[in-house]
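Okay, so here's the structure we're looking at.
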Protein chains: 2
Amino acid sequence: MEVTNRYVATRHHIEGAPSEADFEVKEETARWSPDSGEVLVKNLYLSIDPYQLNRMKRSSASHLARIASYAIGEVVASASPEYAAGDVVAGVLGWEDYTLFTPSPAVLMGKLDASSGFPLSHHISVLGTSGMTAYGGLFEVCKPAKGEKVFVSAASGSVGLLAGQFAKLAGCYVVGCAGTKAKNVGGEMMEAVLANMNTYGRVALCGVISEYTGASRRAVPDLLEMIYKRITIRGFFAWDFLPKFAEYNAVIGDWVRQGKVQVIEDVSDGLENVPAAFVELFTGQNVGKKIVKLA
Amino acid sequence: MEVTNRYVATRHHIEGAPSEADFEVKEETARWSPDSGEVLVKNLYLSIDPYQLNRMKRSSASHLARIASYAIGEVVASASPEYAAGDVVAGVLGWEDYTLFTPSPAVLMGKLDASSGFPLSHHISVLGTSGMTAYGGLFEVCKPAKGEKVFVSAASGSVGLLAGQFAKLAGCYVVGCAGTKAKNVGGEMMEAVLANMNTYGRVALCGVISEYTGASRRAVPDLLEMIYKRITIRGFFAWDFLPKFAEYNAVIGDWVRQGKVQVIEDVSDGLENVPAAFVELFTGQNVGKKIVKLA
């Protein structure tokens with residue numbers, strides 16, 4: 001089987017904030033054959049995330065002109081007994097119309113349960129990596145007790161919006177901040193937060209968007225304060241919690257069904273609008289999970 | 001009972017590195033009476049520690065001209081049933097010949113077992129707060145597995161010397177650094193260490209001596225690196241491990257008896273030499289635990 005595949009590529013390495021001119025939409029022919037062992041997926045929803053910028057830099061060891069992306073797709077053709085045409089899957093696909101992959105234990109491509117009743121897009125927002133980051137960061141890294149105070153930086157972003165709501169459901173007092181181009185977050189905010197933390201405070205560190213573009217000077221933590229207040233800062237990312245993904249989603253899914261968690265998705269249409277959607281992440285204007293819906 | 005008590009006092013707030021001229025030895029009459037409820041202790045060994053400088057700064061909330069110090073002393077007179085004349089105690093006393101204290105659960109003043117056979121000075125070095133900091137920081141905060149790599153900053157200081165030896169006993173590969181006035185440690189060393197850490201590395205942060213005097217610029221950690229490598233930085237201090245003090249000392253004491261841990265103490269004589277001993281901590285020349293022996 002042959003399909004015409006459009007994909008978003010970077011024209012060159014990107015340093016600083018990205019612009020639409022850094023990208024182009026290219027075309028190729030993707031070939032699938034029954035003896036390839038491969039699965040051909042037509043992508044439906046693409047996740048647009050700030051961390052992807054790090055892959056586009058000259059310094060990135062894993063730089064590729066084509067951008068991998070957490071996404072939802074539908075199996076069009078399968079040479080694997082594990083997947084059948086019509087299956088809807090979620091995992092690392094790409095900013096493209098079609099993705100070919102070879103199933104293996106290293107390829108984390110989950111089949112979605114169509115009976116769950118959630119909009120498909122939820123599987124890359126609240127029930128995807130954003131939810132996993134927010135839930136794991138809050139409950140595994142920070143482990144807040146009821147009544148504790150939680151500060152969420154970038155509280156209107158895909159992860160922050162959920163972390164703040166999850167913390168309220170856990171009985172915490174929640175304060176958040178959000179950046180706009182005019183009023184930037186970043187190093188200075190981090191320093192202010194550390195200076196105002198309580199004793200035994202925990203910082204779950206999953207992203208530093210202002211550093212991706214060099215938009216603000218870096219944080220200079222007061223290490224003496226960290227000692228006297230016994231502060232812990234821990235870096236992590238979503239995939240650390242993969243073994244608990246199903247467990248998290250059972251809880252989060254219930255919260256969404258009961259209306260206890262509001263899901264905010266910022267959806268653009270069409271592969272050609274991926275660059276614009278991505279660029280918007282860094283202007284401080286988008287609210288909620290940025291998603292591009294394909295055809 | 002009245003005794004003439006000499007004590008070391010700061011002449012003024014100290015900013016930057018201390019000098020001997022910042023201190024003076026003063027004299028007063030200390031009065032103890034049988035109905036006071038107080039215990040009068042003649043101090044024998046004083047602990048000289050970098051963190052004490054922070055109490056001498058203008059910014060310190062707990063600034064006092066007289067300096068509290070972990071120390072060993074002998075009870076001279078007691079109006080408390082818990083202590084008797086002749087008892088040897090370890091706890092927070094002061095840079096002075098005699099200290100009066102009122103026993104309470106908040107006063108952590110332990111009686112030493114004379115049958116332990118260790119030199120008294122060991123109870124403020126390897127069996128005191130230095131040992132507790134090194135043991136707790138290594139085994140409670142970092143929890144190294146056999147074969148893991150351990151880096152010790154300020155490896156010739158009172159805590160670092162022990163942390164490095166403890167890590168070797170735990171089967172780790174140990175690298176240390178030590179600063180001299182000419183080749184300063186501090187923020188740049190911290191950045192270099194973070195940049196070279198392995199995935200899932202842990203940083204036990206118990207002191208930042210170069211920041212006490214402003215001797216080097218502050219560290220600017222690469223937070224993105226901390227995320228990708230899932231680094232944890234945790235501030236702590238010795239007293240956090242107080243409930244485990246006896247348990248730690250049982251292990252450490254055995255190591256010392258068996259010659260598995262070398263104890264290096266840098267002992268000066270006489271209260272009048274406390275300022276010089278303290279100043280030396282910040283010139284990068286002292287090796288081992290700095291102690292002043294009285295009378």
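Here are a few things to note about the model shown:
- All C-alpha to C-alpha distances of the stretch B:218-269, sorted into 10 Å bins beginning at zero, yield P(r) values of 17, 24, 27, 26, 5, 0 percent in whole numbers.
- Each residue, A:Leu169 and A:Ala192, gets one label point 7 Å from its Cα in the Cβ direction; the gap between the two is 2.9 nm.
- The aspartates and glutamates within cross-link reach of B:Lys26, meaning a Cα-to-Cα straight distance under 20 Å and a gap of 8 or more places when in the same chain, are B:Glu2, B:Glu96, B:Asp97, B:Asp269, B:Glu272.
- Sites A:Ser115 and A:Glu27 - FRET efficiency at Förster radius 45 Å, r taken between beta-carbons, to 0.05: 0.80
- Calculated label separations, A:Asp113, copies of the chain, 7 Å along the beta-carbon direction, nm: 5.8
- Cross-link pairs beyond the 25 Å C-alpha cut-off, checked among A:Lys229/A:Lys289; A:Lys229/A:Lys260; B:Lys111/B:Lys168; A:Lys146/A:Lys289; A:Lys143/B:Lys143: A:Lys229/A:Lys289; A:Lys229/A:Lys260; B:Lys111/B:Lys168; A:Lys146/A:Lys289
- Here chain A yields Rg over Rh of 0.98, to two decimals, using C-alpha coordinates and the Kirkwood radius.
- Remark on the stretch A:172-253: hydrodynamic radius 14.9 angstrom, per the Kirkwood mean of 1/r across alpha carbon pairs.
- The order of A:Glu140, A:Glu82, A:Glu148, going from fewest to most other C-beta atoms within 10 Å of their C-beta, is A:Glu82, A:Glu140, A:Glu148.
- Long-range Cα-Cα pairs in the stretch A:182-230 (distance over 18 Å), rounded percent: 31 percent
- When only alpha carbons of the protein assembly as shown are considered, Rg and Dmax amount to 30.0, 102 Å.
- Here is the size of the stretch A:146-295 from its Cα atoms: Rg then Dmax, 16.9, 55 Å.
- Helix axis angle, A:245-257 relative to chain A longest principal axis, alpha carbon, degrees: 80 degrees
- Label spacing, shortest first and in nm, from B:Cys177 to its equivalents in the remaining copies (7 angstrom along Cα→Cβ): 3.0
- Bridge type composition, chain A - antiparallel percent by DSSP, nearest 5: 70 percent
- Shape category assigned to the stretch B:208-295 from the gyration tensor of Cα positions, a/c cut at 1.5: oblate
- Within the listed set B:Ala145, B:Ala17, B:Ala77, the Gaussian network model of chain B (springs between alpha-carbon atoms below 10 Å) gives the highest mean-square fluctuation for B:Ala145.
- Residue-averaged beta-carbon neighbours from other chains (10 angstrom radius) around A:215-228: 5
- Projected label points at A:Thr283 and A:Ser80, each 7 Å from Cα along the beta carbon direction, are separated by 3.8 nanometres.
- Shape of the stretch B:18-169, Cα gyration tensor, a/c cut at 1.5: oblate
- Label-point distances for A:Arg257 to the equivalent site in the other copies, using a point 7 angstrom along Cα→C-beta, read 6.2 nm when ranked shortest first.
- Counting every other Cβ atom within 10 Å of each residue's Cβ, A:Phe241, B:Phe23, A:Phe278 order from fewest to most as A:Phe241, B:Phe23, A:Phe278.
- Helix A:158-169 and the longest principal axis of the C-alpha atoms of chain A enclose an angle of approximately 50°.
- For the pair the stretch A:218-258 and the stretch A:273-293, the centres of their Cα atoms are 24 angstrom apart.
- Difference of contour (0.36 nm per residue) and Cα-Cα distance, B:Ser19 to B:Thr199: 60.6 nm
- Mean residue ellipticity at 222 nm, helices only, chain A: -5500 deg cm²/dmol; runs of at least 4 DSSP H residues each add -39,500 (n - 2.57), and the sum is divided by the number of residues.
Values quoted throughout were computed directly from the atomic coordinates according to the rules given, and no laboratory measurement underlies them. What you see is a predicted model; the values in this text were computed from it and never measured. In this analysis, Cβ positions are derived from the backbone assuming ideal geometry, glycine residues included, and neighbour counts consider all displayed protein chains.
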